[in-house]
Amino acid sequence: MEIKNLQTKYICYMGNVTPGSDVSAKGILLDLRKIGEPIPGKDVAILKMDKTNLPTVTLGDYTQLRTGDRVYAMGYPAVATLAEALNVAQAIQEPTLTQGIISAKKEMAGGWSILQTDAAIHGGNSGGPLFNEAGEVVGINTFGMLDSDGGMVPGMNFAIPISIAKQFLNEINVTPRESEFTRQFKEAKMLFDSEKYSEALGILRTLNETNPGYPVVADLLAQASAKASSVAASVPQVPEVPEVPEVPVVPAKDEKNAMIIIYALGGAVIVLLIVIVILLLTRRKKAIPGYVAYTGQQHNAPVHSANTIHSSDTAKPLPQEQNMPPEKTGKFCSECGAQLLPNSRFCINCGVKLQ
C-alpha cells in the first residue's frame, strides 16, 4: 500500500507552570521551515513559532569540544516526568539535568560527525539541549544505543552537533540572536550575584509580570526578595540629629578696634578726595592776581594791591584799567572766549596773557 497526500501539522504545547494556577497545556501552531533526514541522516527540524520575547539559549561552537570535556544534558525524560509515583503537575515545572563528558566524536555513515556522551538521557530527552560548561548549546540530544534485549546501553548516548542546526538556519536566512527577556534575566542574575538585590528585584518583578510561568524567574525573584529584606533589616537606623540654632558671631574687642580704624581711614581718604576736587574747581575759576572783576558800577575808592600785576622784578600798578567801561571791541579771549576790554593785556576772566 502506498500513502499519498499526507497532511501534517506541528503544535507546540507550552504549559502554564505558575504555582497555584492551571497547568493545562495550550497548543501553539508551528510552521515547519526545514527538516532533515532520520538517522543516519541529519535528524533536525527548524520550526517557527509566532511568539515574541521568549527565553533563548546561546549557540556554542562544538568544534572547540575535546574528549573529556564536561557537558550537561537537559530535558523531560518520561521516566522522571510521567511516572505514576510522581506528582506530574510539579514534575513538568522543572526539567531534568544530567551531567557527563564527551566520550568521543564519531563519524556517521553520511560523512558528518556526531557527539558521543555518557550523560544519561532517556526517551523524552530527544530534542533537548546539550550544554558545555559555559552554558552554551553544543549539541541536540537525539538517540542512544540498545542492547540485544532492547534495553538502553548506559553511557552510549549521542547528540547531533549544533553546527547542523546553524547550517539549516543559514540555509533559510535566519540569524540567531538573544531575546530581550534573556538579556534582562542575565542582567538580574549578575546584579544578584553582585549582592545588588534591590536592583535585581526590580528587573525580576517586571519579567515575572510580563512573562509569567517560568520557574527559574520565580525562584530567583523569591531569593532576591528575601535577600533584600534581610539587608534592609540589618542596616542600623541612624538617629536624627536635632537642629542647633544658629548663634550670631560677636567679633572680639581687637577685631572691633581694627574695624573702627579701617572705617576711619576710609572716611579720611574720602574727605581728602572731596577737598582736592573743590580746590581744583576753585582754582580754575579764580582770576589771576592784579585784576578786579568789572561789575558795571563806578568805584571811587582807591585801588589797592589787588589791582597790581606782580612780575619777577617789581609790581607796577595799572591805573588806566581801573573802572574801565565795557566798550565792545569785537575781540574775545582765545582761551576762554570772554569779551575783551580795550587795550587789555590780560583776560580779566581767565588771566591769560593776550597777544
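What follows draws every value from the coordinates through simple rules; no lab data is involved. These numbers were taken from a predicted model, which means no experiment stands behind them. Using ideal geometry, Cβ is built from the backbone for each residue, glycine included, and neighbour counts are taken over all protein chains shown.
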Options V79, V153; residue that is loosely packed, with under 15 Cβ neighbours inside 10 Å and in contact with a Leu (Cβ under 7 Å, 6 or more places away or on another chain): V153
Residues that are in contact (Cβ under 8 Å) with a residue 24 or more places away in the chain and either loosely packed, with under 13 Cβ neighbours inside 10 Å or part of a helix (DSSP H, G or I) (or both), drawn from region 188-215: A188, K189, F192, E195, Y197, S198, A200, L201, L207, T210, P215
Counted residues, region 51-88 - those being over 19 Å from F168 (Cα atoms) and part of a loop (DSSP other than H, G, I, E, B): 19
Test: residue in region 155-162 that is closer than 15 Å to T58 by Cα and over 41 Å from the mean Cα position of the chain (by Cα): yes
Positions within region 134-148 being aliphatic (A, V, I, L, M) and either surrounded by 13 or more Cβ atoms within 10 Å (Cβ to Cβ) or assigned to a strand (DSSP E or B) (or both), in sequence order: V137, V138, I140, M145, L146
